[in-house]
Structures are given as structure tokens and as C-alpha cells.
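Before we start, here is the structure in question, set down as C-alpha cells.
Any read-out appearing in this document is the output of simple, stated calculations on the displayed coordinates, not a laboratory observation. Here the structure is a predicted model, which is why all the values come from computation and not from measurement. As a convention, Cβ positions derive from the backbone with ideal geometry for all residues, glycine included, and neighbour counts pool all protein chains shown.
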């Protein structure tokens, strides 16, 4: 069953590229005592994700932070090397934490995974965005399949 507003973010360990290589990031470290915008997408370097979703959050990062957000994080079922390279390619710099859910364990724990095997992609994360305060989901916007409307940076800004 998928998480909902009011639920606690499930415990999981994600990965990111750090200055000395791959680093573990637990959901406890990411969310405890912070106000976080988390957005998830099916895959790095995929069309909508690369053309709209990630770039929108990069462009709106300052406006989102001005609303009291401590961290903006992007998560996808890709490895840390791919997420790091994608962030570099798109200019995410330090404005967006690029997090890898390589085995899809976080997507599954959230109840927001889906089988994209028909596209040769295996299990992936649904496209969504959430506002999370101290580990509790305050706002969750999950896209319908193949849609990009409710999880955009602009939609999250409006929800803040």
C-alpha cells in the first residue's frame, strides 16, 4: 500500500556521490529535524525527467528554499554513478541532492514502485513529489501513469 499524507517516511538507505566516492544516506539523516522537498522519477536521462522534472526543480530551487525548505532531494531507481553524472549534466550542483535507490527498495517501501519491464527498465519509482517535515509526509502528489502535472516544481511551490 502506498504511503499517504500524515505517514512517516519509511526507513531506507539511499546512495549519493560524495567527494570521496559513494556515500550512504539514511532516510533518518535526510529527514530528521528538517523540512524537505523530495521528488522521485522513473529514471535519470529519460525524456520527461531530463527535459522537465529535474530542470524545473533546479530552476525553482531558490524559490523553494525561500519557503523554508532545508533540502531538495531527487531520488530515482538508478545507481549513484548515474545519479551523480545526471546531476552534473543538468547543473544540479549543491541545490539538489541526487539520491540513488539502486535496488528500488525505497520506492517499494513507499509503495510507489511500478514494473516497467515492458520498456526494458525493470522495477522503477512512480513520479511523485512530497513535502516532508521531520520525517512526516505533509503533502504527497503522485502522478498518473505517463503524466507530469502534480509533481512539478511549480506545483510544489504552490503547495508550500
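At residue 2 and residue 95, where each label point lies 7 Å from the Cα along Cα→Cβ, what is the point-to-point distance in nanometres?
2.8
Provide the percentage of antiparallel DSSP beta bridges, counting only those with both residues in region 13-159; round to the nearest 5.
So the antiparallel bridges in region 13-159 amount to around 70 percent.
For residue 85 paired with residue 11, estimate the spin-label separation in nm (one decimal), with each label point 7 Å from Cα along the Cα-to-Cβ line.
Inter-label distance under the simple model: 3.4 nm.
Something else now. If I take the Cα coordinates of the chain and project them onto the principal axes, what are the three extents in Å, biggest first?
So the three principal-axis extents are 39, 37, 29 Å.
Shifting gears a bit: Quick one: length gained pulling residue 28 to residue 123 fully straight, 0.36 nm per residue minus the C-alpha distance?
31.8 nm
Next question, about the same structure. With just the Cα atoms of region 88-152, tell me how far they stretch along each of the three principal axes, in Å, largest first.
Computed over the Cα atoms, the extents are 34, 30, 24 Å.
If you don't mind, there's one more thing I want to ask. Label region 27-73 by shape, choosing from rounded, prolate and oblate, from the square roots a ≥ b ≥ c of the eigenvalues of the Cα gyration tensor; if a/c is under 1.5 it is rounded, and otherwise prolate applies when a/b is larger than b/c, oblate when it is not.
Judged from the Cα gyration tensor, region 27-73 comes out oblate (a/c at least 1.5, b/c at or above a/b).
Given only helices, namely DSSP H runs of n ≥ 4 each adding -39500 (n - 2.57), what is the per-residue ellipticity at 222 nm of the chain, to the nearest 500 deg cm²/dmol?
For the chain, the value works out to -7000 deg cm²/dmol.
Order the peptides 19-25, 72-78 from the highest to the lowest mean number of other Cβ atoms within 10 Å of their residues.
Peptide ranking by packing, descending: 72-78, 19-25.
Defining a contact as two alpha carbons under 8 Å apart and six or more residues distant in sequence, what relative contact order in percent does region 13-159 show?
Value for region 13-159: 29 percent.
Enter the Cα centre distance for the pair region 135-160 and region 23-91, rounded to the nearest angstrom.
13
Rank the residues 127, 16 as a footprinting-exposure proxy: fewest other Cβ atoms within 10 Å of their Cβ go first.
Least to most surrounded, the residues fall as 16, 127.
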